[in-house]
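One structure is given below, encoded as structure tokens.
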Amino acid sequence: MNGTAINNGDSATPPSPPGSTTVVKYEKSSCLFCNEWFDSQTFTEHLIHCGQVLEQCPNTCNVFVPRIRMRAHLKECPRNKRRSTSLERVDHQIDTRVQVLENEINTLRSVLNEEIRQRLHLITDVGNLRKQNQIIDDWQHSTNQNVKALQLRLDEENNQRTFEVEQCQQDFRCSFDTIQALKTEIRQEIDDLEKHINQMSLDLTQHQNHLNDNIMKLEETVLLHEKINRDKFIEVENFLQAINVDLNTKLSSGNDGGKYAALDVEVKSMKHMVCETEERCDKLETLVGQIDRSLHHTMQLVNDCENHIATQQRLTSYINCRGHLVWRIKNFSKKLEEARQYDTILHSAMFSNKPFGYALRLDIYLNGKGTWKGRNMIACLNVIAGEYDPLLPWPCRLQADVIIRDQTLNQLEPDDYVKTVLVRKKSDDYIQTKQFFHISHSILTQSRYVKNDSIFVEVKIVK
């Protein structure tokens, strides 16, 4: 074959090893005779059958003719006229064979093209799989490192926790032993103190209730106890002397010496206890005298304080003097039940409509009153005796709004329950005619007014 072909395409690289980036390139070549592009696999076959390839005349006429025009040249070649007849037959056969070969070549080309496309798809899929495998390998490597780090951290944490638990157990044992020892000591001291405190509380209660009578009775009781203690002490001494005589008599006989020695020790301890009892009686006498004196001083102070509190009670009971009261009633359900059983009345704190103004108080009957009982809450605003009544104008006329506050979260548009009430009183010593207003239990017990078992009642003096 005469002529050459130049490969201007990129050759396909072999599959990259794991861990590297896969790059797929495809080979294309251009024929210098017909200027058509072919794959590397079909390029050689094309050169064999390309019709533009120059070939030398087989009749040695020294002429180069394109392959596709070779037959026409042979018919016109001056050296081929002798063999024209035979050549025609040969040409016919060749044409037939060429036609068959071309059909087979076209079939092979289509099959090869399909194979090439499938191989390209496979190469692409293999590259993607390799990328995914590389990503999975990297992820597994990082995951293994993280798991190892976590395992080390867990081991360190477990060791630290184990050490801390052991240390805590040791501390707990030490603390428990110390606490037990302290409990034993404190329990003994507490028992003694409780006895002493109970006795003191009993004596103080008796002195507070009947001071003068108790002092006389206490003196008589102390004298009687002293006499009884002396008599008992004498009896114990006589008894101990008799026991000593008996012991000495039995000891002289030489029988059971160890038991009698133990009895002698117990007798001595009893003597010691008797002495301690006598000392405590003396201390109690001194203490009773001190208590009597302190009680006299306390009673004098109480009388002085009662006189002072009586004059200041009304002034100190004012919660505010701005004509505004917010009253939170806690344990509403419990108080409502008590009102149903005992007809109890709730009284608000005292407040005033202005500085140095009328003394006001809101009274509430949770279970109602009279014909309204059992179905409604009844309330009234009272003008009560105050410190500045002689300086105020009479009769008293006030208008107030009593509000049951809405406790829902929507504070921009609250649905408060409002009642307006008029308060009238002719003078400070005149009995006020109460104006009651009612609120139904069905309204009052709604969820927006009762929250956390509490309701808020607000009073605003309008004028």
Next item on the list: Quick one: Asp406 ticks every box in (1) in a strand (DSSP E or B); (2) surrounded by 14 or more Cβ atoms within 10 Å (Cβ to Cβ) except a single one, so which number is it?
Entry: (1)
Check: Within the group Arg340, Arg322, which residue is in contact (Cβ under 8 Å) with a residue 12 or more places away in the chain and either farther than 17 Å from Ile439 by Cα or part of a loop (DSSP other than H, G, I, E, B) (or both)?
Finding: Arg322
Notebook entry, point to check: Is it the case that some residue within region 303-320 is under 20 Å from Leu362 (Cβ atoms), modelled with pLDDT of 75 or more, aromatic (Phe, Trp, Tyr) and surrounded by 15 or more Cβ atoms within 10 Å (Cβ to Cβ)?
Noted result: no
Margin query: Residues to consider are Gly374, Gly368, Gly386; find the one that is surrounded by 20 or more Cβ atoms within 10 Å (Cβ to Cβ), out of contact with any Asp or Glu (no Cβ under 9 Å at 6 or more places or on another chain), touching a residue at least 12 places away in the same chain (Cβ under 8 Å) and not charged (D, E, K, R).
Written below: Gly368
Next item on the list: Could you look through region 444-462, keep only residues that are open to solvent by less than 50 Å² (accessible area, probe 1.4 Å) and over 32 Å from the mean Cα position of the chain (by Cα), and pick out the one that is farthest from Asn382 (Cα to Cα)?
Entry: Leu444
Next item on the list: Tell me, please, whether a residue that is farther than 16 Å from His441 by Cα and of a type in the set (A, V, I, L, M, F, W, C) can be found in region 361-377.
Entry: yes
Notebook entry, point to check: Can you find even one residue in region 397-415 that is small (Gly, Ala, Ser) and modelled with pLDDT of 85 or more?
Noted result: yes
Notebook entry, point to check: For region 116-171, which residues satisfy the criterion of being of a type in the set (A, V, I, L, M), open to solvent by 80 Å² or more (accessible area, probe 1.4 Å) and under 30 Å from Lys28 (Cβ atoms)?
Noted result: Leu122, Leu129
Notebook entry, point to check: Going through region 389-400 one residue at a time, which ones are touching a strand residue (DSSP E or B) at 6+ places or on another chain (Cβ under 7 Å) and open to solvent by 40 Å² or more (accessible area, probe 1.4 Å)?
Noted result: Pro395, Arg397, Gln399
Notebook entry, point to check: Restricting attention to region 344-365, which residues are free of Cβ contacts under 8 Å to residues at least 40 places away in the same chain and not in a loop (DSSP other than H, G, I, E, B)?
Noted result: Leu346, His347, Met350, Ser352, Arg361, Asp363, Tyr365
Notebook entry, point to check: What are the residues in region 377-399 that are touching a helix residue (DSSP H, G or I) at 6+ places or on another chain (Cβ under 6 Å) and in a loop (DSSP other than H, G, I, E, B), if any?
Noted result: Glu387
Note to self: Checking the structure you have, find out if any residue of region 423-435 is crowded, with 17+ Cβ neighbours inside 10 Å, of a type in the set (Asp, Glu) and without any contact (Cβ under 8 Å) to a residue 60 or more places away in the chain.
What the structure shows: yes
Notebook entry, point to check: Inside region 427-444, can you point out the residues that are at pLDDT 80 or above and more than 18 Å from Lys460 (Cα to Cα)?
Noted result: Ser440, His441, Ser442, Ile443, Leu444
Check: Of the residues Val245, Val288, which single one is surrounded by 14 or more Cβ atoms within 10 Å (Cβ to Cβ) and either at pLDDT 75 or above or over 30 Å from Ser454 (Cα atoms) (or both)?
Finding: Val288
Item checked: Qualifying positions in region 43-67 - in a helix (DSSP H, G or I), surrounded by 14 or more Cβ atoms within 10 Å (Cβ to Cβ) and of a type in the set (A, V, I, L, M) -> Leu47
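The values are calculated or read from the model by the stated rules, or taken from the named source; none is laboratory data. None of the values given here were measured: they were computed from a predicted structure. Positions of Cβ are backbone-derived with ideal geometry, glycine not excepted, and every protein chain shown enters the neighbour counts. Areas reflect the complete protein model, heavy atoms only, side chains present, ligands, DNA and RNA absent. Shrake-Rupley method; radii C 1.70, N 1.55, O 1.52, S 1.80 Å.
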